[in-house]
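Below: the structure, in structure tokens.
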Amino acid sequence: MRAALLREINTNLIIEDVSVAEIGPGEVLVRTVACGLCHSDLHFVEGKLPQKLPTLLGHEVSGVVEAVGVDVDEFAPGDRVVGCLNTHCFQCRQCVEGRTHLCEMRLALQKRPDGSSRIRFGDEEVFQLAGLGGFAEMMLAHRSGLTRVPDGLPLDVGALLGCAVITGVGAVFNTARLRAGSTVAVVGVGGIGLNIIQGARLAGAERIIAVDVRQDKLELAASFGSTDGVLGGGVDVAAEVVELTKGGVDAAFEAIGFAETANQAFRMTRRGGATYLAGVSATGTGYDFTGNDLVLGGRSVHGVYMGSNFFKRDIPMLANLYLQGRLKLDELVSARISLNEINDGFSAMKNGDVARSVVVL
């Protein structure tokens, strides 16, 4: 099959012919339909997150089941599925306590039981990011990394449910458990930020303030449910948000992964408020807030990993919200591109020109 491989850090992905292993127990072979370009993928391309090379990136993915391995009874050929990087065992302490997104065995399940890769390029093993590797014509994945979705869901937009949507909406529903009437600030209104905004709208937030350095993105945020927009750049955006809300917001969400914007989000919260860091940051990123900032102000900071999801429950629910007209997906897609155009898609992402580009295979 054709796949876009990352062979060296800070270089373009290269389209290569790779081979897929024979399907094994607990595995599902999927014909890839679509895969979104995520900032996390870009972090790996730029070396901001460590990774074994060569790597097959892509984790925001949808497709159709081609075949299933021994012991797989929840999928059958022809099933329409969405992937999520939160593979899980259902047996470790985290899984037993309902936190499957933090499964202690998730990394092991992203490889074969003997530790080998499911994809090869000649004699080389190819590492599948998140055990998926969606920038390819086929995926061979562990059963726990996939979930079925309703037949009426278009798979080109359905792919976004597996990362941007579940991370953003999940940050509101699962992590913050936002109450109706809350005030919210969202710093960075790309793919994740837009979904935090529509999650806050669905949760009944009274005021939702979008913060971004681009006016066109603030206008897009308004269509997703923001009530106010603050243009970043040369002003003290945190002070502006505090002034707008007469003391700060109940919940501030950072959706980019930068220290500067995380510090801004923290300064936007009122006494007793909470900051939620939903953007994946480069390894070693630190923040400026201190212990006394937390203790004396009664504030808190929470890491949000993939929207604290139980994705086999959450993704079908989100798909149904879309089919009911209550969740926006089509409007998230700025461009549909081919596998051959994937490097152009990453360039557009770096320039801030898109909400989400989707590779359609």
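The values are calculated or read from the model by the stated rules, or taken from the named source; none is laboratory data. In this text, all values refer to a predicted model and were calculated from it rather than measured experimentally. Virtual Cβ from ideal backbone geometry, glycine too; neighbours counted across all protein chains shown.
Tell me which residues, restricted to region 157-185, are buried (at least 24 other Cβ atoms within 10 Å of the Cβ), out of contact with any helix residue (DSSP H, G or I) (no Cβ under 7 Å at 6 or more places or on another chain) and either free of Cβ contacts under 8 Å to residues at least 40 places away in the same chain or not in a helix (DSSP H, G or I) (or both). Scanning region 157-185 gives a single hit, Cys163.
Contact annotation: residue pairs with Cβ atoms under 7 Å, 6 or more positions apart or on different chains, pairing a residue in region 23-46 that is farther than 25 Å from Pro113 by Cα with a partner that is small (Gly, Ala, Ser) and surrounded by fewer than 18 Cβ atoms within 10 Å (Cβ to Cβ), are His43/Ala282.
Looking across region 186-221, the residues that are touching a residue at least 60 places away in the same chain (Cβ under 8 Å), among the β-branched types (Val, Ile, Thr) and either surrounded by 24 or more Cβ atoms within 10 Å (Cβ to Cβ) or outside the structural domain of Glu254 (by TED's automatic domain parsing) (or both) come down to Val186, Val187, Val189, Ile192, Ile196. In this entry, Val211 passes the filter for residues that are modelled with pLDDT of 95 or more and under 25 Å from Arg271 (Cβ atoms). Restricting Val81, Val30, Val61, Val20 to those that are outside the structural domain of Ser281 (by TED's automatic domain parsing) and touching a helix residue (DSSP H, G or I) at 6+ places or on another chain (Cβ under 8 Å) reduces the list to Val61.
Please verify whether Arg313 is of a type in the set (Lys, Arg) and over 22 Å from Leu146 (Cα atoms), treating the condition exactly as stated.
Details: of a type in the set (Lys, Arg): yes; over 22 Å from Leu146 (Cα atoms): no.
It is false that Arg313 is of a type in the set (Lys, Arg) and over 22 Å from Leu146 (Cα atoms).
The conditions of being in a strand (DSSP E or B), among the β-branched types (Val, Ile, Thr) and touching a Lys or Arg at 6+ places or on another chain (Cβ under 6 Å) are not met by Val61. Pairs meeting the criteria (first residue in region 284-297 and part of a loop (DSSP other than H, G, I, E, B), second residue loosely packed, with under 14 Cβ neighbours inside 10 Å, beta carbons under 7 Å, at least 6 apart or on different chains) are Gly297/Arg271. In region 122-144, the residues that are of a type in the set (D, E, K, R) form Cβ pairs under 6 Å with partners that are not in a loop (DSSP other than H, G, I, E, B), at six or more places apart or across chains, as follows: Glu137/Arg2; Glu137/Thr32; Arg143/Val28. How many residues does region 302-318 hold that are part of a helix (DSSP H, G or I) and touching a residue at least 40 places away in the same chain (Cβ under 8 Å)? Qualifying residue count for the region: 9.
Among the candidates Leu321, Leu327, the residue that is within 30 Å of Thr32 (Cβ to Cβ), assigned to a helix (DSSP H, G or I) and touching a helix residue (DSSP H, G or I) at 6+ places or on another chain (Cβ under 9 Å) is uniquely Leu321.
Note on region 75-118: residues that are surrounded by 11 or more Cβ atoms within 10 Å (Cβ to Cβ), farther than 21 Å from Glu22 by Cβ and of a type in the set (D, E, K, R) total 4.
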